[in-house]
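Everything below concerns the one structure shown next.
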Amino acid sequence: MIQSWIRSVFAALAAAGVLVVASSASADEHVALSIERVGGIAYSSLRPTGAGGSASVTTFGVGGMAVNPIALPRLGVDVVFPSGMTLGAGAGYGVASLSLNPDGRASSTTTASTALFSPRVGYRASVAPWLDLTGRVGLTLARATLTEEEDDSVSLFAAAASIEAVGAFRITSSFHVLAGLSYDHVIAASASSESTVSPGSRSGGNEDVDGRYLGAQMWLGMGGYL
């Protein structure tokens, strides 16, 4: 089921990308580089099927690991065509490690890592000499892993439909500050685990994760046009 969702969304993005390139093939284009979602307010909500309840998290901060892996800070690269259409992607990676060192007992380390890739298409409009507005849609693929002492690990893979509205406030002709609104709705997810049963022997399993998972952000960033 997860694979069919991903194939369908990728096919839609590919078709949109072909239309973008075809509509702008006769003119020059330029590239926008950006650092996105590095600060702001993020809200996440999850309600697993059969859980009998839901959980939500609201965070505020600048930089660092995100509680919601879909909300991870990222680098963005977009081609902006003369028609205003955009085609690009964002990518991010983060890792955090917690070490416990009790007196007289063995220490332990837990490591959390997250990676994501988000292809997207959109449309940019210059509404003022100092302001560009861009709306875009895409697919965010994220993987989060929690590992204890490199033996036991739990991984979550999620695919989310992402919608964004981004304002680029020009400081100079090429450098700008970004302010964005984002909504990410997970359309498919799966979890896997692996543990050591005995020396030289490991066990694990995989299963789809059903329920409702979503996130919304008001974020800040920076970028520039090449």
**Report entry** For segment 113-156: Kirkwood Rh in Å [reciprocal of mean 1/r, alpha carbons]
**Finding:** 13.5
Query - Table column - 3J(HN,Hα) (Hz), segment 89-95, Karplus curve with 6.51, -1.76, 1.60, x for Gly and Pro - result: 7, x, 9, x, 8, x, 9
Query raised in the report: How much net charge surrounds residue 132 when only other residues with a Cβ under 14 Å from its Cβ are counted (Lys, Arg +1; Asp, Glu -1)?
Result: +1
Report summary line: Residues other than residue 116 with Cβ under 15 Å of its Cβ, Lys/Arg counted +1 and Asp/Glu -1, net out at +1
**Report entry** Proxy reagent accessibility, fewest Cβ within 10 Å first, across 86, 145, 172
**Finding:** 172, 145, 86
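Where a number appears in this text, it was derived from the coordinates with a stated rule and is not lab data. Keep in mind that what you see is a predicted model, and the values were worked out from it rather than measured. Quick reminder, even Gly has a Cβ in these numbers, built from the backbone with ideal geometry, and neighbours come from all protein chains shown.
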